[in-house]
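Reviewing the structure listed below.
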Amino acid sequence: MTVRVRIAPSPTGNLHIGTARTAVFNYLFARHHGGKFILRIEDTDLERSRPEYTDNILSGLRWLGLNWDEGPFFQSQRLHLYSQAVQQLLDQGLAYRCYTTSAELDALREAQKARNEAPRYDNRHRNLTPEQQAAFEAQGRTSVIRFRIEDGREIVWNDLVRGQMSWRGSDLGGDMVIARASTEGVGQPLYNFVVVVDDIDMEISHVIRGEDHIANTAKQILLYEALGAKIPEFAHTPLILNQEGRKLSKRDGVTSISDFQKMGFTAEGLVNYMTLLGWSPPDSTQEIFTLETAAQGFGFERVNKAGAKFDWDKLDWLNSQYIHSMPVDKLTDLLIPFWEEAGFEFTGGRDRGWLEELVTLVAASLTRLVDAVEMTKLFFIDTVEFSEEGSQQLKQEASTAALEGIIAALENQPELTAETAQNIIKQVVKEQNVKKGVVMRSLRAALTGDVHGPDLIQSWLLLNQIGLDRPRLHQGIIAGN
Ligand code: GLU
């Protein structure tokens with residue numbers, strides 16, 4: 001069998017982490033079996049669907065490296081297929097026109113509630129005669145199309161994650177609406193129906209989606225049967241939960257892939273983390289892998305039934321691993337948009353070579369890309385801001401003398417290199433008979449405003465290259481008085 005799977009997002013919001021994780025599992029399954037991964041945009045809800053959400057979904061999937069083999073297909077361009085299928089069910093007597101008004105449905109629901117019964121449609125228009133239909137139409141009533149669901153049916157499937165599943169037809173709410181009323185044709189087809197028509201048409205072999213779709217699956221299996229199609233395999237993946245064990249939602253801060261991107265996560269780190277949200281690799285000690293490596297070991301026997309808790313620390317750790325092992329030119333490319341967003345300008349000697357040296361300086365300290373903004377700010381502003389400790393350091397007597405010594409030594413030093421910088425420090429230590437630590441701390445405080453930070457000599461060289469070291473040494477002396 002050729003494996004054909006799909007991700008079918010609705011463009012009613014940005015690409016959600018849950019949808020992206022479902023996409024990851026579909027992608028891994030397709031790659032594992034040498035199958036096809038298809039993208040379908042479920043945009044039949046005209047009021048809530050927006051083109052900018054479609055753009056966000058497409059660019060999010062591409063950014064994550066979840067490249068699809070076919071599509072994107074848009075349901076809004078396939079309406080003729082759905083109408084045909086509705087007509088087929090009507091012709092076969094498996095579906096019918098229902099003229100019940102919303103007031104009648106409300107009354108039905110109220111009566112069921114009063115009897116403590118679950119709300120369901122009572123199938124009252126299942127067997128209308130052509131005369132009864134004509135009479136309703138003469139009253140100006142519109143009709144929806146309902147699909148017959150036999151109460152006595154038992155729907156059983158072997159879920160690839162959850163094992164044997166079964167539903168009773170009587171628990172599906174009565175004959176289901178497959179198309180909403182509209183003035184022309186067979187009306188506007190609804191989600192459960194169009195999904196089945198598309199999955200049949202696209203020859204989907206495995207439907208892999210979130211467990212919130214389980215009840216839909218029972219209904220959809222009946223539709224496959226009615227349309228005379230082969231029923232695919234189903235795999236319902238666990239939900240993503242927050243720390244409290246509830247479904248991850250907007251209230252947890254970020255939920256869309258573009259938010260994670262803005263927060264400074266790398267595509268590789270995030271997608272690696274998502275593969276681990278509900279799946280564990282055959283070698284469970286291995287946590288860092290590409291999509292292609294994960295695909296080799298992927299299978300549903302290692303997907304958990306229980307919800308997957310979202311763990312920010314783990315995501316941060318994985319992300320930092322990717323940042324730390326990234327080639328400097330690539331990391332520089334990724335950091336430039338964050339610097340630009342912060343308003344930093346690449347002028348006054350801050351050329352590509354200089355930027356790459358700056359990246360080398362801070363790379364090992366980054367957890368998220370965005371951390372680089374705070375960490376490198378002092379290299380983009382003219383006047384440094386002093387921390388409490390930084391200004392205390394500069395107020396020490398030895399500090400002023402050390403900075404004056406450094407300035408004097410710099411005068412005789414046409415070019416600053418790592419070696420000449422070390423020599424200047426040694427010279428000042430000797431001349432003034434102070435501890436090396438004092439000179440280093442004073443130098444750091446003057447250049448960076450603080451007493452902690454990345455490698456001092458490298459920081460100095462970078463500031464020297466853009467002509468900021470001398471002014472800051474003078475500024476440090478002033479700040480110490
Ligand atoms: N459009 C559905 C959703 O976004 C997906 C349905 C499916 O995978 O069958 O939840």
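The values are calculated or read from the model by the stated rules, or taken from the named source; none is laboratory data. A quick note: this is a predicted structure, and the numbers were derived from the prediction, not measured. Here the Cβ is made from the backbone with ideal geometry for all residues, glycine too, and neighbour counts use every protein chain on show.
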Picked from the stretch 72-90 (must be free of Cβ contacts under 8 Å to residues at least 40 places away in the same chain and surrounded by 15 or more Cβ atoms within 10 Å (Cβ to Cβ)), the residue farthest from Phe147 (Cα to Cα) is Pro72
Residue, nearest to Asp311 (Cα to Cα), within the stretch 255-294, restricted to residues that are without any contact (Cβ under 8 Å) to a residue 60 or more places away in the chain and aliphatic (A, V, I, L, M): Leu276
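Just name the residue that is surrounded by the fewest Cβ atoms within 10 Å (Cβ to Cβ) out of those in the stretch 17-49 that are farther than 25 Å from Ser205 by Cβ and within 14 Å of the ligand (Cβ to nearest atom).
Just the residues of the stretch 17-49 that are farther than 25 Å from Ser205 by Cβ, to begin with: 17, 45-49.
Then keep just the ones that are within 14 Å of the ligand (Cβ to nearest atom); that gives 17, 45, 48-49.
Values: Ile17: 22, Asp45: 15, Arg48: 11, Ser49: 19.
The residue in question is Arg48.
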The number of residues in the stretch 240-280 that are at pLDDT below 95, in a helix (DSSP H, G or I) and of a type in the set (Gly, Ala, Ser) is 0
Among Ser256, Ser249, which is the only one that is buried (at least 18 other Cβ atoms within 10 Å of the Cβ), within 18 Å of the chain's Cα centre (by Cα) and within 15 Å of the ligand (Cβ to nearest atom)? Ser256
Going residue by residue through the stretch 144-152, is there one that turns out to be of a type outside the set (A, V, I, L, M, F, W, C) and within 34 Å of the chain's Cα centre (by Cα)? no
For Gly405: the one exception among (1) closer than 27 Å to Ile477 by Cα; (2) of a type outside the set (Val, Ile, Thr); (3) outside any helix (DSSP H, G or I): (3)
Hand me the list of helices (runs of 4 or more DSSP H) wholly inside the stretch 284-383 holding 1 or more residues that are more than 30 Å from Ala30 (Cβ to Cβ) and touching a Leu at 6+ places or on another chain (Cβ under 8 Å). 312-324, 328-341, 352-362, 371-376
Quick check on the stretch 159-196: of everything there that is acidic (Asp, Glu) and surrounded by 17 or more Cβ atoms within 10 Å (Cβ to Cβ), which residue is farthest from the ligand (Cβ to nearest atom)? Asp175
Just checking, how many residues over the stretch 197-244 are within 13 Å of the ligand (Cβ to nearest atom), under 24 Å from His33 (Cβ atoms) and basic (Lys, Arg)? 1
For the stretch 127-153, give me each residue that is touching a strand residue (DSSP E or B) at 6+ places or on another chain (Cβ under 6 Å) and either farther than 21 Å from Pro189 by Cα or without any contact (Cβ under 8 Å) to a residue 60 or more places away in the chain (or both). Ser143, Val144, Ile145, Arg146
